[in-house]
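Beneath this line is the structure, given in structure tokens, with notes to follow.
The values are calculated or read from the model by the stated rules, or taken from the named source; none is laboratory data. Only a predicted model underlies this, so the values are computations on that prediction, with no experimental measurement involved. Heads up, the Cβs are rebuilt from the backbone with ideal geometry, glycines too, and the neighbour counts pull from every protein chain shown. Heads up: the accessible areas ignore ligands, DNA and RNA and are worked out on the full protein's heavy atoms, side chains in. Shrake-Rupley method; radii C 1.70, N 1.55, O 1.52, S 1.80 Å.
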Amino acid sequence: MLFNTYEPWKFAFSAESIDLYNSDDNGSEDDFAKSRKWGIIGVPFDSTCSYHHGSRYGPTIIREASFGFEQYNSIFEKLLDGEFYDCGDLNVVHGNCSKTCDALCDSVKELIKNGIKPIVIGGEHSVSIGSIKALCDLEESKDLSDVTVIHLDAHRDIIDEYIGEKDSHATIMRRVHDLNPKELIQIGIRSFSLEEKEFVEAQENISSFLAKDLFDDFDVLLDKLDSIEGKVYISIDMDVIDPAFAPSVGNPTPNGLHPIDVENIFESLSNNEKIDLIGFDLVEVASDKLGDITAVLAAKMVYDFLTLFA
């Protein structure tokens, strides 16, 4: 059990237990990048939400929904039999984004020390920075200059301040960009401010794939994903999916991606032998209802990710 976490119940097919304190898996940065061990941490936090609250319940209902799947993944024709652990939920500090993310950073560092890569289940999108900052400490440069961040979202989330706050679900990708990523690839975007548009257009290390353009040509995105080399972090806001399939999110926005699009993105990345995935988060499932269809789809995404990358 990680320091500062508790265990509501486990994601389906996860290992029964993990003993971090007697591990002999400490290795080099390169060993970590190539590791196929994953550890799930839930972050039940939604204190900066601006529209639909409830993502603090996301980790619980996503785990519950995971038990609806067979261990054999029929989409990818592969058994989910990789090594992964569910380390429980972070003891968040409700109302304090900074302290919550610091606690998450410490917990992710504990995973990293043992060669285990983080899967963070939110919770609102602001929590991603806790995991990403922990991964920065692995780098000699202490930033993301050797890491490509793939961001699936309806929104750019790259404004510098939102309602006077720099740490918010609406500013998360600006805080990521502050860490100097090798490249930030934004996918499924369809809602942003003029300030965000102008900021993105002024940056050389941000690539955008708007949802409306992907409807006409999805292959251009797959070609981009195939060209990536090196370390990769993936962050998925569930509102990237059209609300016809995923209505229970913090900020639903029409004309989003189809669930099959995410399957195609995962499969494309799994076929790219030039990359090393070092972290993953899935956030913004906002419902307190067990069996919610958004939670079922979110669980399917985590299940698909683990099938291909664990």
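May I ask you to order 285-297, 134-146 by the average number of other C-beta atoms within 10 Å around their residues, highest value first? It would help to have the intermediate numbers written out before the result.
Details: 285-297: 19.9, 134-146: 16.0.
So the peptides 285-297, 134-146, ranked by packing, come out 285-297, 134-146.
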Identify all lysines with a Cα-Cα distance to Lys224 below 29 Å; exclude those on the same chain that are fewer than 8 residues away in sequence. Lys34, Lys37, Lys78, Lys117, Lys133, Lys142, Lys182, Lys197, Lys212, Lys274, Lys300
Kyte-Doolittle mean at least 0.0 and Cα extent at least 15 Å along the axis: which DSSP H helices of the chain qualify? 97-113, 259-270, 293-309
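Near Phe76, within a Cβ-to-Cβ distance under 10 Å, what is the net charge of the other residues, with Lys and Arg +1 and Asp and Glu -1?
Details: positive: Lys78; negative: Glu77, Glu263, Glu267, Asp304.
Neighbourhood net charge equals -3.
Stretch Glu29-Val220 to full length: gain in nm at 0.36 nm per residue minus the Cα-Cα span?
The Glu29-Val220 span can extend by a further 65.6 nm.
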Each residue of the stretch 147-156 in order: what ³J(HN,Hα) in whole Hz does its phi give by Karplus 6.51 cos²θ - 1.76 cosθ + 1.60, θ = phi - 60°, with x for Gly and Pro? 10, 8, 9, 9, 10, 9, 6, 6, 10, 6
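Mind ordering 210-219, 191-200, 254-263, 175-184 by average Cβ neighbours within 10 Å, highest first?
Details: 210-219: 13.2, 191-200: 15.1, 254-263: 17.7, 175-184: 19.3.
Descending packing order for the listed peptides: 175-184, 254-263, 191-200, 210-219.
With all distinct Cα pairs included, what does the Kirkwood hydrodynamic radius of the stretch 133-247 come out to in Å, to one decimal, could you say?
For the stretch 133-247, inverting the mean 1/r across all distinct Cα pairs yields 14.8 Å.
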Neighbour net charge for His94 - beta-carbon separation under 9 angstrom, K R +1, D E -1: 0
Dipole magnitude of the stretch 132-280, debye to nearest 20 (Cβ charges: Lys/Arg +1, Asp/Glu -1, about Cα centre): 280
Counting only protein heavy atoms and using a 1.4 Å probe, what share of the accessible area of the chain belongs to carbon plus sulfur, as a whole percent? 47
Cα to Cα, under 12 Å, and not fewer than 8 places away if on the same chain: which aspartates and glutamates meet these conditions relative to Lys231? Glu29, Asp30, Glu139, Asp146, Glu183, Glu273, Asp276
Note to self, the chain gives a 222 nm [θ] from helices alone (DSSP H runs n ≥ 4, -39500 (n - 2.57) apiece, / all residues, nearest 500) of -9500 deg cm²/dmol
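Which of the peptides 89-100, 231-242, 52-63 is most tightly packed, and how do the rest follow, judged by the mean count of other Cβ atoms within 10 Å per residue? Spell out each step's value before the answer.
Numbers: 89-100: 17.8, 231-242: 25.9, 52-63: 23.3.
Packing proxy ranking, top to bottom: 231-242, 52-63, 89-100.
Hey, what's the chain come to in accessible area per residue, 1.4 Å probe, Å²?
Details: 12580 Å² over 310 residues.
Ligands and nucleic acids excluded, the result is 41 Å² per residue.
Would you work out the relative contact order for the chain, in percent, from Cα pairs under 8 angstrom that are 6 or more residues apart?
Once divided by the residue count of the chain, the mean separation gives 24 percent.
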